[in-house]
Amino acid sequence: MNKYLIDSINFTDGYERIATITDCKNRTKIVVHFLEYGECLDCGEISDKKKVGDIIEGTLSICLIAFSKIVNDDITHYYPDILNSSWVNAVIEVTRSVDDYSLYAKSSITEEDILLEFETKVAYQTGDRLLINGSLEFEEKDETE
């Protein structure tokens, strides 16, 4: 679980948020999608719950992965040319399987293994390097833990 500084909140609509955040440990800046269950906003309204400059703690995952293929490339990631989007393209290395739809992998996005959630069944093996396209998701630490 890492701590992140909110640099900007790029989009609000209902419970959905897209924000640019910086990892407090390694200073990496990323764009993520997350849900703020305690606050429903009209599109573009300003949040009272999360503000620029706040520190948030949680985990990252890549979800809604509809495209993946085995590659021999270096582990890396980049954002397509979609302004303020949480969509990310990444080359990752599988570290373990969870089930037919979920894997953990090494990535250049975070120092921790990152959870990958696929839209279809996959049969990748530990050590496979994959090119994936998906939404970079942030899940906040549960305060009751």
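Just so you know, all these numbers are worked out from the coordinates, no wet-lab data involved. Computed from a prediction, not measured in an experiment: that's the story for all the values here. When we count neighbours, we look across all protein chains shown, and the Cβ atoms used for this are built from the backbone with ideal geometry, even at glycine.
Key figures for this structure:
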item	result
Dimensions (Å) - segment 96-139, Cα atoms, principal axes, largest first	24, 21, 18
Most mobile of 59, 120, 95 in a GNM of the chain (Cα contacts under 10 Å)	120
Once the Cα gyration tensor of the chain is diagonalised, semi-axes √(5λ) in Å	27, 15, 15
Rounded to whole Hz, the Karplus (6.51, -1.76, 1.60) HN-Hα couplings of segment 66-80, x for glycine and proline	9, 10, 7, 7, 6, 9, 10, 7, 6, 5, 7, 8, 7, 9, x
Contour excess over end-to-end distance, with Cα ends at residue 40 and residue 119 and 0.36 nm allotted per residue	25.8 nm
Residue exposure sequence - 27, 96 - by fewest surrounding Cβ within 10 Å	27, 96
Top positive-direction residue, dipole computed over segment 1-80 with Cβ charges, set 1, 15, 43	1
Check: the chain dipole with +1 on Lys, Arg Cβ and -1 on Asp, Glu Cβ, in debye	520 debye
Table column - 3J(HN,Hα) (Hz), segment 103-112, Karplus curve with 6.51, -1.76, 1.60, x for Gly and Pro	9, 10, 8, 7, 8, 8, 7, 9, 6, 7
R0 of 30 Å, Cβ-Cβ distance residue 83-residue 139: FRET efficiency to nearest 0.05	0.80
Relative contact order computed over the chain (Cα-Cα under 8 Å; 6+ residues apart), in percent	26 percent
Sorted peptide list for 79-92, 128-141, 43-56, criterion being average Cβ within 10 angstrom, highest first	128-141, 79-92, 43-56
